[in-house]
1. Any chance you could count how many residues in the range 173-192 are touching a residue at least 24 places away in the same chain (Cβ under 8 Å), surrounded by fewer than 19 Cβ atoms within 10 Å (Cβ to Cβ) and closer than 17 Å to residue 158 by Cα?
2. Scan the range 274-300 residue by residue and report those that are among the hydrophobic types (A, V, I, L, M, F, W, C) and over 15 Å from residue 256 (Cβ atoms).
3. Collect the residues in the range 297-327 that are charged (D, E, K, R) and not in a helix (DSSP H, G or I), keeping them in residue-number order.
4. With the condition kept exactly as written, say whether any residue in the range 19-28 is touching an Asp or Glu at 6+ places or on another chain (Cβ under 8 Å) and either β-branched (Val, Ile, Thr) or touching a residue at least 60 places away in the same chain (Cβ under 8 Å) (or both).
5. Of all residues in the range 118-162 being assigned to a helix (DSSP H, G or I) and of a type in the set (S, T, N, Q), which is farthest from residue 210 (Cα to Cα)?
6. On the given criteria, is residue 165 over 22 Å from residue 64 (Cα atoms) and either without any contact (Cβ under 8 Å) to a residue 60 or more places away in the chain or part of a helix (DSSP H, G or I) (or both)?
7. Residue by residue through the range 225-242, note down the ones that are outside any strand (DSSP E or B) and either under 13 Å from the mean Cα position of the chain (by Cα) or crowded, with 18+ Cβ neighbours inside 10 Å (or both).
8. Which count do you get for residues in the range 279-296 that are assigned to a loop (DSSP other than H, G, I, E, B) and either touching an Asp or Glu at 6+ places or on another chain (Cβ under 6 Å) or surrounded by 18 or more Cβ atoms within 10 Å (Cβ to Cβ) (or both)?
Amino acid sequence: MSADPLVRARGLTKSFRPRGGLFRPRGPAFNAVDRVDLDVMASEIVGLVGESGSGKSTLGRILIRLIEPDEGTVHFGGTDLLALQGEELRRNRRDFQIVFQDPYGSLNPRMKIGDAIGEPLTIHRLVDGRAQRDERVAELLDRVGLDPAMATRYPHEFSGGQRQRVGIARAIACGPRFIVADEPVSALDAPVQAQIVNLLVDLQEQLGLSYLFIAHDLQLVRRICQRVVVMYFGRVVEEASAGELYREPRHPYTRALLAATPSIVPGRPAAPALSGEPPSQTAAPEGCPFHPRCPEAIDDCRRRDPALIRIGEGHRVACHVVEKTLE
């Protein structure tokens, strides 16, 4: 791997404001992503985990410019991605793609799957004519384990796992270098999940892809990711290599997530159970956002927001308790 990240994000922040109703005013703005730094190296699978609403999907979409950030920078292969506009942005989009969570909602029900896969080839002018496009679509279908003759069918004629294979074929059609996999197996049955994960790993090895793999399943993340980033309330609270994070998690939130997954690390004492719900996005607590749920919270946690500090090679944590142990 190159020493420079393929994707380098710094200070990403994105706020949203809840919609109002007929008799209800709009709510105050909140940060769905709050000052996030993230690197993804070439040919690396980075896992992104956290509870629902932690900002994982928003971050993934910012990295490929499906959502524009309010602040921060994103560099892709050394290019300032947020500075690209028009034709220059369109040319670069072939290098980064996304696989969505819902394999049915991400496909146009009125479009044959051959046309859905072939559309990006036409947009990016990667094929010369219909015959060449159809030949490339057949190759892509075969590569993801589908019969090329299925190109003339519509999405409703496929199972969930088959539709996700179509989505993956569409994502790799233009030869991308980076793919955001946004919980790509969470809507599938367990046996099908394993098939899709194996397909993604095979493609990563064959094509040299980099993934940001967003997931809830911590056992799955441990199995396929080289590095893991943990988000809470729009912020990164811990980041480490997969081996180190699962062997010695330092943030109380990370330990609680791992404890909630049965037998993920056999023989390790269980962390205190995680109680309560994440705070309201529009009413963030003072200090560390996690302190109302944290069994280890100290006075500093209630007063100051912790900085993300380095505690080892590639290991970062945002926790006052951990910081105290290093003093």
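1. 3
2. 283, 284, 298
3. 304, 305, 310, 313, 316, 327, listed by residue number.
4. no
5. Taking the candidates together, the pick is 152.
6. no
7. The answer is 225, 233, 234, 242.
8. Total meeting the criteria: 6.
The values are calculated or read from the model by the stated rules, or taken from the named source; none is laboratory data. Small disclaimer: the values here were computed from a predicted structure and weren't measured. Every residue, glycine as well, gets a Cβ built from its backbone with ideal geometry; the counts of neighbours run over all protein chains shown.
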